[in-house]
There are 4 protein chains.
Amino acid sequence: MLRVFICGGSGYAGGDLIRILSNHPGVAITGVTSERSAGKTVGNLFPHLRSCSNLVYEHLTPPENIKKADLFFMALPHGESQRAVDFFFQRGKKVIDLSADYRLRDPLTYERWYNVPHTFRGALQKAVYGLPELYRKKIKKAALIANPGCYPTGAILGLLPAVRNALIDSSSIIVDAKSGTSGAGRKSDVAVSYCEVNEGFRAYAIGTHRHTPEIEQEVSLLAGREIAITFTPHLLPADRGILTTIYAPLLKKTGVSEVLKKYNDAYKKEPFVRVLDYGLYPNIKHVRGTNFCDIGLKVNERTNTLVIVTAIDNLVKGASGQAVHNMNIMMGFDEKTALDATALFP
Amino acid sequence: MLRVFICGGSGYAGGDLIRILSNHPGVAITGVTSERSAGKTVGNLFPHLRSCSNLVYEHLTPPENIKKADLFFMALPHGESQRAVDFFFQRGKKVIDLSADYRLRDPLTYERWYNVPHTFRGALQKAVYGLPELYRKKIKKAALIANPGCYPTGAILGLLPAVRNALIDSSSIIVDAKSGTSGAGRKSDVAVSYCEVNEGFRAYAIGTHRHTPEIEQEVSLLAGREIAITFTPHLLPADRGILTTIYAPLLKKTGVSEVLKKYNDAYKKEPFVRVLDYGLYPNIKHVRGTNFCDIGLKVNERTNTLVIVTAIDNLVKGASGQAVHNMNIMMGFDEKTALDATALFP
Amino acid sequence: MLRVFICGGSGYAGGDLIRILSNHPGVAITGVTSERSAGKTVGNLFPHLRSCSNLVYEHLTPPENIKKADLFFMALPHGESQRAVDFFFQRGKKVIDLSADYRLRDPLTYERWYNVPHTFRGALQKAVYGLPELYRKKIKKAALIANPGCYPTGAILGLLPAVRNALIDSSSIIVDAKSGTSGAGRKSDVAVSYCEVNEGFRAYAIGTHRHTPEIEQEVSLLAGREIAITFTPHLLPADRGILTTIYAPLLKKTGVSEVLKKYNDAYKKEPFVRVLDYGLYPNIKHVRGTNFCDIGLKVNERTNTLVIVTAIDNLVKGASGQAVHNMNIMMGFDEKTALDATALFP
Amino acid sequence: MLRVFICGGSGYAGGDLIRILSNHPGVAITGVTSERSAGKTVGNLFPHLRSCSNLVYEHLTPPENIKKADLFFMALPHGESQRAVDFFFQRGKKVIDLSADYRLRDPLTYERWYNVPHTFRGALQKAVYGLPELYRKKIKKAALIANPGCYPTGAILGLLPAVRNALIDSSSIIVDAKSGTSGAGRKSDVAVSYCEVNEGFRAYAIGTHRHTPEIEQEVSLLAGREIAITFTPHLLPADRGILTTIYAPLLKKTGVSEVLKKYNDAYKKEPFVRVLDYGLYPNIKHVRGTNFCDIGLKVNERTNTLVIVTAIDNLVKGASGQAVHNMNIMMGFDEKTALDATALFP
């Protein structure tokens, strides 16, 4: 049994990690931390986990915690994660970091967008960006995984075949994303209270959201040159799910069948990416609770534009599910272990 | 008192027409039709209208109905509206048509997108596109108003100052719109049933939605040349509201203040368009039940893109409210009469 | 013009007071207070009120505020309201208190349920319980109104004709109420955050909710003896509305027509109570944004039970609308002034 | 491998059966029927099931279908189920009927409430009411299971310990239940369309709902005498879940600890019933997607009333999950097989 430990388990991503890992036959969760809720049981904070976990939240004290596990999931706020990740990593533990702290290769980019210096550049250089569809081989050998952000997951998977195959003009990509409210985290904040969100819909952080450089980093690597992306997130009155609508000019007149072929080729061996038949578009409700990324495509011949729509569950494929996928790859488990849930519909 | 008659009053737009007109001090609703619900009261179909209307639905029999009113609101399905509109119009009545039948100036474009021939081209030539912010003067003298579609209202008002002032490259406009479910009408259809829509979100009719040529027609007129638009509608789990996020390349480096000035200049005298302070973005919840169109702006310097976000209530500014606004202009009422509601929040 | 002042205007009830009063032709709002938001505009806190109010929140400093108005609406938290109410009242101002501080006639009952002493018993003795359907005559002459709680409004209006006419055994009344989330107020609290409330439903404070003694007080007065009520509130995933389902044994076999007659007689002159036809039941969506209380009735002959269902908008009839109704009565305005809105549906 | 066949698999209960059974290691689904959708794939109707089923809907032709399986799940409309159930049952197949057709022991009661004669009384006499907590032993040996209705499941499990132990006066039981919209089925009906249900809440079929005699039958058997129940269902703006609030007078003064002990004793061995600590109340969101029934209790000493609150997922514990539970018991599988899901929260 692989012993895993969760640092920061009182948020929605932490709760979903507990839920998914409790169902993993090769794993034992040996502890979970929360500074604010230390001493409370998981069931106190998450009544829905009452029957699958008896754990009591403890304080994050890395020197004590380190003996408890072989692999550490870090679901701490960005900035706070840096040091703890480095601590476990430098002492030979496997680490999967769900924060943003080790995602951006260039520490200056990190500092510019997050307003925090990065003081663990040694570890940063060793971190692998944990998008299995892009970096499976590296993930297999990695000790430190930077688990991708939720928006970047939906955006990069949508763009990957188009950029890699140079179907589109990568300098004019527009990413219009819509996220369920759980993406904002579990917090006391009027802005995410029911009466503010329900029956509402709005854009926020247009052009300034911190996931922008993460999308740009990976798309630039795929394109082979520096790319800037126009990225707009929106807040949906729904619990879970991100729908990402992506627009880019086709470089030349390209038929539907060619586009479809590139997408199917790119993902045919991927267990969690489903390219839909032409004419079908994904719905966040059809991937809710799953690790799937569904992709729909439209070639708009009137404007010579490729429209790509992806749907993921932001807490699963966009966070905890992808983290477990990374663990499965790193530790040699079947990739789908604990990740084979069918969506709950309706 | 102006006598008005509503042809097709059993849908959501019809219901909102009754609601708004019942509150108009200069108007008397003399009748309302519904083929399927003839004989039932308005309160049977719309319990919320119980206290404001005692009308009984009757059949649409234009020769009998024509004597009952001076102005006819037509809220019939497209295709069905053509003949009835022509009947009233040719006999000297004022007509405000909420269907799509008289919106497209070119009958061939209409036939291509709606798969119905247009057989009343004489009336079509006289129709005025009823977007007051664009055509107030013509509306004043018009006898036949083609009331704009809901998506076009949000898109055109967002684009107007940018296109008219040549701030943007009109050949690369992307309109990503998200509509509440009432936009689909009041109907028996699994696709709009609660359990399908709730907690879901999806794009539909990408590049093929019938509001596309309507947006293109008006933007082309503003731009002075033929424009094709990339338009994607989405279905929101909310009752009312359309949020439209619009992207276009800036033609040259343009500062925030210049963009804001063009928008404020364009709309400073408009009673129903509110340009928000820079940094604020609109929310459909803040315009719910109102005739406002709120506009937020973002100059993305990294990608040289102008991002425009507009919010309207699809049933009010996007349908019945705008129809009443047109009536107020045509008949010389104060423009805000019966349209001064504040949004219900939360 | 009547000058009114709102003490505590940053919550949902305060926001609705501003919305409703801004639409009242006989009233001018001369100020609004908020300790936390002093200095901000109403539009900062409530963007939907941007176009109807330019007021800036100020601190509640009664000695300064008192000159500003003839009538004071108090929407402060219970406990905090006591002193301010007394201050204005003792200096000859009209006061309508939306808190619970002056609703319970017996200060000991107040102290037992609210855990706060009542130190202004002189004012308390003069307060009139502001349920117009029960106390219209007293309200007309009152200077201090204790505006009813939201749950009590729905419960008492449902019970009034049955208890007054001794149709039911008042010692076995069960009130099962379900409230929209705005009833919990506008606050930073995980428990009312979107992801906790949405798709959820639960009972809370069973048998211990502070509105229990308020319902009991008024029902006891109607019954002519001390009555204890079994009251269970529930939290609905909806913004506004309270549906109250009330059960009581019929004292003797009573026909539908007799029950209906008692209800219609009790409310036939009431502008805001609508007794529905037998077989119809109310829906919170049909009274949203209105001051109506809709009532549906069922005589269950198999169990000899009367089932009464009422629907109100908790922020309007259950708070701010009723407060304005009380003001209209006190000041001699037509009772429906500013309260004639039709529900927004859908 | 147990071969199972689903008759009527295009509704929400059918969809959930496919979802749950696809995850059952001892079962193979050999076919699924739908008259309206014959020829379509499961993925056409339920995109969320795309990855877990390749089945194509076929017509229900019992003589042909009978060879395909050992056990038949029947999810047909009531009335239609009778004959097909009898057909399979008389030919030696195991049958689990999710319709109401075999739940009521007295065919006259069935005919009175369902307005359909029962013409298969032989089979009816052999049917076992499939509530495992009541009839586990009989279910083990049964060939024909009448799977309980959703409302009865929540009501009976809430009442069982109180009635069996004579804690309450069974002649005055009130059951106030609130169900998510999936309980109404997957259908084309304006009444369940998004804009009618969302932001609404209402009671329906007060005292006349067809689940009334089913609750009464089982509670009467527990009480040892004929019991009539006052039952009111309500429609919640949520996908899944039934919260049932039950009221009954305590027969004598009974302490909290005694009540709790009876409930804990009754359910301590039950894998799917969780009695919550005193002071906690269940939430439908905490059982969503699970086969749990959570129970909260309140002894109201002021009114000498026991208040019982239960929460289930209407499609799982209230339909398909309970059906699989019954199958597990009948066929000797571990009871929790395929039913160990943790709730998806949020």
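Summary table below
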| quantity | calculated |
| --- | --- |
| Yes/no for D:Y135 being of a type outside the set (A, V, I, L, M), open to solvent by less than 20 Å² (accessible area, probe 1.4 Å) and either within 30 Å of D:R164 (Cβ to Cβ) or in a helix (DSSP H, G or I) (or both) | no |
| Pair list, Cβ < 8 Å and 6+ apart or interchain, from the range B:261-274 residues that are without any contact (Cβ under 8 Å) to a residue 60 or more places away in the chain to residues that are among the basic types (K, R) | B:R274/C:R50 |
| Failed item in (1) part of a loop (DSSP other than H, G, I, E, B); (2) within 11 Å of another protein chain (Cβ to nearest Cβ); (3) within 26 Å of C:Y12 (Cβ to Cβ), with C:I227 passing the rest | (3) |
| Criterion (open to solvent by less than 10 Å² (accessible area, probe 1.4 Å), over 18 Å from the mean Cα position of the chain (by Cα) and modelled with pLDDT of 95 or more) met by exactly one of A:P161, A:P148, A:P152 | A:P161 |
| Qualifying residue in the range A:313-324 (condition: within 18 Å of A:L159 (Cβ to Cβ), at pLDDT 95 or above and either within 14 Å of chain B (Cβ to nearest Cβ) or open to solvent by 20 Å² or more (accessible area, probe 1.4 Å) (or both)) | yes |
| Qualifying positions in the range D:233-249 - touching a residue at least 60 places away in the same chain (Cβ under 8 Å) and open to solvent by less than 30 Å² (accessible area, probe 1.4 Å) | D:P233, D:R240, D:G241, D:I242, D:L243, D:T244, D:T245, D:I246, D:Y247, D:A248 |
| Candidate set from the range D:208-224 (those that are of a type in the set (A, V, I, L, M, F, W, C) and more than 15 Å from the chain's Cα centre (by Cα)); member that is most open to solvent (accessible area, probe 1.4 Å) | D:L221 |
| Selection count where residues are open to solvent by less than 30 Å² (accessible area, probe 1.4 Å) and within 25 Å of C:T208 (Cα to Cα), scope the range C:85-108 | 9 |
| Any hit, the range D:313-330, residues being more than 18 Å from the chain's Cα centre (by Cα) and part of a helix (DSSP H, G or I) | no |
| Leading residue by the ranking (nearest to B:A311 (Cα to Cα)) among those in the range A:234-254 that are out of contact with any Asp or Glu (no Cβ under 9 Å at 6 or more places or on another chain) and assigned to a loop (DSSP other than H, G, I, E, B) | A:L236 |
| Unmet criterion (only one of (1) farther than 20 Å from B:S34 by Cβ; (2) touching a helix residue (DSSP H, G or I) at 6+ places or on another chain (Cβ under 9 Å)) for B:G158 | (2) |
| Qualifying residues in the range D:301-310 (those that are outside any loop (DSSP other than H, G, I, E, B) and out of contact with any helix residue (DSSP H, G or I) (no Cβ under 7 Å at 6 or more places or on another chain)) - the one farthest from D:L167 (Cα to Cα) | D:V309 |
| Filter result for B:G79 (within 14 Å of chain C (Cβ to nearest Cβ), closer than 28 Å to B:F120 by Cα and surrounded by fewer than 23 Cβ atoms within 10 Å (Cβ to Cβ)) | no |
| Residue tally, condition of a type in the set (A, V, I, L, M, F, W, C) and more than 19 Å from the chain's Cα centre (by Cα), over the range B:225-234 | 2 |
| The range B:186-219 - residue that is under 25 Å from B:E111 (Cβ atoms) and away from chain A (no Cβ under 13 Å) and, of those, modelled with the lowest pLDDT | B:K187 |
| Enumeration of residues in the range D:233-249 that are of a type outside the set (A, V, I, L, M, F, W, C) and within 14 Å of chain A (Cβ to nearest Cβ) | D:P237, D:D239, D:R240, D:G241 |
| Failed condition for D:T254, given (1) closer than 24 Å to C:T245 by Cβ; (2) over 21 Å from the mean Cα position of the chain (by Cα) | (1) |
| The range B:92-143, residues that are within 16 Å of B:H78 (Cα to Cα) and charged (D, E, K, R) | B:D97, B:D101, B:R103, B:R105, B:D106, B:E111, B:R112, B:R121 |
| Elements of type strands (runs of 3 or more DSSP E) in the range D:1-120, at least 2 residues being touching a residue at least 40 places away in the same chain (Cβ under 8 Å) and not aliphatic (A, V, I, L, M) | D:2-7, D:71-74, D:94-97 |
| When residues of the range C:250-300 are limited to those that are farther than 30 Å from C:N326 by Cβ, within 10 Å of chain D (Cβ to nearest Cβ) and out of contact with any helix residue (DSSP H, G or I) (no Cβ under 9 Å at 6 or more places or on another chain), the one most open to solvent (accessible area, probe 1.4 Å) | C:G279 |
| Subset of the range B:2-28 that is within 14 Å of B:V95 (Cα to Cα) and over 20 Å from the mean Cα position of the chain (by Cα) - its residue that is most open to solvent (accessible area, probe 1.4 Å) | B:R3 |
| Leading residue by the ranking (surrounded by the most Cβ atoms within 10 Å (Cβ to Cβ)) among those in the range C:301-312 that are at the interface with chain D (Cβ under 10 Å from one of its Cβ atoms) and within 18 Å of the chain's Cα centre (by Cα) | C:A311 |
| Failed item, numbered, when B:A166 is tested on (1) touching a residue at least 40 places away in the same chain (Cβ under 8 Å); (2) under 18 Å from the mean Cα position of the chain (by Cα); (3) part of a loop (DSSP other than H, G, I, E, B) | (2) |
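The values are calculated or read from the model by the stated rules, or taken from the named source; none is laboratory data. Every value quoted in this text rests on a predicted model; they were computed, and no experiment measured them. Cβ sites come from the backbone with ideal geometry, for glycine too, and all protein chains shown count toward neighbours. Accessible surface areas use protein heavy atoms only, side chains included; no ligands, DNA or RNA. Shrake-Rupley method; radii C 1.70, N 1.55, O 1.52, S 1.80 Å.
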